[in-house]
Amino acid sequence: MYSELYIMSLLSHANLVTFREIFEGPEHFFVVLELVTGGELFDRIIELQRYSEKDAVHVMQQALHGLKHMHDRKIAHRDLKPENLLLSSKEPGANVKLADFGFATKLTSDVELLQLVGTPPYFAPELSRLRDESVMDGYGRPVDIWAMGVILYILLSGIHPFQIPDEELMLDNIQNGKWDWVGPNWPKISLEAKDLIKNMMNIDPHKRYTIDQCLAHPWMQGSAASEHLGDVSAAIKTLQAKKRLKGAMNAILAQQRMKRLLQLRPAPPKKQTSKIALTAIQGKGLAPKDTNGKSDPYLTIIYGPLVFKTKHIRKTLDPVWTDSTYVFPVDSATDTILVECWDWDVVGGHDFMGEFTVPLKMVPEDGSPLRKSFELGFSTSKDKKKKTKAVTGTIEIEIVRTS
């Protein structure tokens, strides 16, 4: 869950479900996400009186703009499917939003990922090939383009291009790029729409369209037809009904199948999940900020998207904090804790008093505590710089790894 929140904290776009805040309770974390009340996109299409290629363009433009926000930041979603396309509200002009970032990950190249994750009917060929343990060719963001191509295929026909009962054969067909224009609707679908789908579902990820090529395609730029696609809503309704009827069974089968597939690959080295417990103890010789020659210092502890604040201690340059222990899970993507010291002010902005960082590699792996005084330093941030007059003193903390 923490990895998902970390990814969401890096994203902010009208076409993505947004992470708001996280609160720490005695035993649990409470996560606040954007309220999305419109339900699944496909359920809305079923309700429409008229549905055309232009409507499909409107949907794809929004979904692809959300995906572009991710891809521009070198983040792959890895589980795009109709259930993860939601509507912001019940209103007619509601935004399409991509949801569920549980498998999303940052990457540095489009050939580095090897984990077999996602939903099999929406696997790209390079994902399906990973069923073979001898295959070590990685994948990246192009798997999202393939999945969006499959979704577009369904949006225009109501039929899944690989939806057959035999999952092994389905994955073989995906791996070999074996699909056709199935269903009665395709004769009236424009050549431009078909061209976009073919390029999004190119078996070769290096030749597959990028997100920018998808958005620049003529069909996406206004050439789509407004003719009513009468059969699509009914076909999607049937697709949705089958999905919900067999949902529980399919979930169990998919989990079992995924477990078998994962067992074919060498197990990754086991990582011991751990948490960090950081205790603020005291400060010494801090800089005076108030006219009385004192300060009202408090600490802000920042780890990834998590932010904790101690109580402010009134009128002192040598504060002592009590009941100021904060526990949070270790995330492999974040290797440093930032601790800031601020002077609390009942009126106006708070004054920055300095900061220091704690590299997690300093914390012993054996569970023994690290107790250390850190010297406050000066930040180059413009926002902090204008609030800084002097930086002096040290902050003593204790930090330990726990299970």
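Of note:
- Residue pairs meeting the criteria (Cβ under 8 Å; at least 6 apart or on separate chains; first touching a residue at least 40 places away in the same chain (Cβ under 8 Å), in segment 52-80; second part of a strand (DSSP E or B) and of a type in the set (Gly, Ala, Ser)): Met70/Ala76
- Boolean, Thr119 is surrounded by fewer than 19 Cβ atoms within 10 Å (Cβ to Cβ), of a type in the set (Val, Ile, Thr) and over 17 Å from the mean Cα position of the chain (by Cα): no
- Of all residues in segment 336-350, those being modelled with pLDDT of 85 or more and either aliphatic (A, V, I, L, M) or surrounded by 14 or more Cβ atoms within 10 Å (Cβ to Cβ) (or both) number 8.
- Residues (surrounded by 14 or more Cβ atoms within 10 Å (Cβ to Cβ) and either closer than 10 Å to Ser157 by Cα or touching an Asp or Glu at 6+ places or on another chain (Cβ under 6 Å) (or both)) located in segment 172-189: Trp181, Val182, Gly183, Asn185, Trp186, Ile189
- Set side by side, the residues Thr279, Thr316 differ, and just one is modelled with pLDDT of 90 or more and under 15 Å from Trp342 (Cα atoms), which is Thr316.
- The listed residues are Glu133, Glu126, and the only one of them that is of a type in the set (Asp, Glu), in the same structural domain as Gly38 (by TED's automatic domain parsing) and in contact with a strand residue (DSSP E or B) (Cβ under 6 Å, 6 or more places away or on another chain) turns out to be Glu126.
- The requirement of being among the small types (Gly, Ala, Ser) and modelled with pLDDT of 95 or more is satisfied by Ala147.
- Restricting segment 136-171 to residues that are touching a strand residue (DSSP E or B) at 6+ places or on another chain (Cβ under 7 Å) and in a loop (DSSP other than H, G, I, E, B), the residue that is surrounded by the most Cβ atoms within 10 Å (Cβ to Cβ) is Arg141.
- Qualifying position, being at pLDDT 95 or above, assigned to a loop (DSSP other than H, G, I, E, B) and either closer than 30 Å to Ser12 by Cβ or among the charged types (D, E, K, R) (or both), among Asp195, Asp204: Asp204
- In segment 1-101, counting only helices (runs of 4 or more DSSP H) that sit wholly within it, the ones holding 2 or more residues that are surrounded by fewer than 20 Cβ atoms within 10 Å (Cβ to Cβ) and at pLDDT 90 or above span 53-72.
- Selection within segment 273-325: residues that are part of a loop (DSSP other than H, G, I, E, B) and aliphatic (A, V, I, L, M). The member of this set that is surrounded by the most Cβ atoms within 10 Å (Cβ to Cβ) is Leu286.
The values are calculated or read from the model by the stated rules, or taken from the named source; none is laboratory data. It should be emphasised that the depicted structure is a prediction, and the values quoted were computed from it without experimental measurement. When we count neighbours, we look across all protein chains shown, and the Cβ atoms used for this are built from the backbone with ideal geometry, even at glycine.
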